Amino acid sequence: MSVQKQNPSAGETQVVEFRLGEDVCAIDIEQVDSIVEVKKVTRIPRTQDSIEGVMDLRGETTAIIDPKEFLSVASDERGNDVLVLDRPDDKQKIGIRVDEVLDVTTHAPEHIDTSDELENLDTRGIRDQIAQGIIKRPDDENGLDLIIWVDIDKMITSLS
């Protein structure tokens, strides 16, 4: 499935939200090429735990990354959704495996705390500079859902 990118208003951020274990995370929609169902993944010997392996995607070898390793998410669940990244400078296609793709949402700047504002917290992912911020979304009970806004570029760079 291709991702429907809309034109958010000035200053707004559009993201793809997904679930990893009990956590809800998001990445910028501009970084997602498509969402596909995972097929057979072949493990590559002597690679990091965060690299699940490779799969054939439309005739192209695509590396599959497990973001749970980066964010210390404890979950035995293995979802079937892969967010294929839109990174033209990469030598190989990259996808991240998620438990479930939830939605494409748009957020105003006042609903986002950036990593600059959070750098003193000892929170999963943020201390490793993998999260670029927290998105605060009003929930149905007059509270807030907190969404980890993942910096895909930093995650991929940390694999090197």
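Worth a mention:
- For ARG58, neighbours were defined as the other residues whose beta-carbon sits under 15 Å from its Cβ, and their charges (Lys and Arg +1, Asp and Glu -1) total -2.
- Among the trypsin sites (Lys or Arg not before Pro) found in the stretch 11-104, those both in a DSSP coil and sparsely packed, with 16 or fewer other Cβ atoms within 10 Å of their Cβ, are LYS39, LYS40, ARG43, ARG46, ARG58, ARG78, LYS91.
- Working note: Karplus 6.51/-1.76/1.60 with θ = phi - 60° gives the stretch 41-52 the couplings 9, 9, 6, 9, x, 6, 9, 4, 4, 6, 9, 5 Hz, where Gly and Pro are set to x.
- Estimated purely from DSSP H runs of n ≥ 4, each contributing -39500 (n - 2.57), the mean residue ellipticity at 222 nm for the chain is -1500 deg cm²/dmol once divided by its residues.
- Percentage relative contact order, the chain, counting C-alpha pairs under 8 Å, at least six apart: 24
- In this simple spin-label approximation, ASP90 and ASP103 carry label points 7 Å from Cα along the Cα→Cβ vector, and these lie 2.7 nm apart.
- Label point 7 Å beyond Cα of GLN48 along Cβ direction - residues of the stretch 69-112 with amide nitrogen under 11 Å: 69-71
- Overall form of the stretch 31-77: oblate. Here a/c, set by the Cα gyration tensor axes a ≥ b ≥ c, is 1.5 or more, and a/b is not larger than b/c.
- Choice from ILE65, ILE147, ILE44 with maximal GNM fluctuation in the chain (Cα, 10 Å cutoff): ILE44
- Sum of side-chain charges, ASP153 neighbourhood, beta-carbon under 11 Å (Lys, Arg +1; Asp, Glu -1): -2
- Computed across the chain, the Kirkwood radius stands at 16.2 Å (inverse of mean 1/r, all Cα pairs).
- Under conditions of 10 °C and 1.306 mPa s, the stretch 1-87 yields 110 µm² s⁻¹ as its translational diffusion coefficient, taking Rh as the Kirkwood radius over Cα pairs in the Stokes-Einstein equation.
Here, each number is a calculation from the coordinates, and none is a lab measurement. A quick note: this is a predicted structure, and the numbers were derived from the prediction, not measured. Neighbour counts are summed over all protein chains in view; Cβ atoms, including those assigned to glycine, are modelled from backbone coordinates with ideal geometry.
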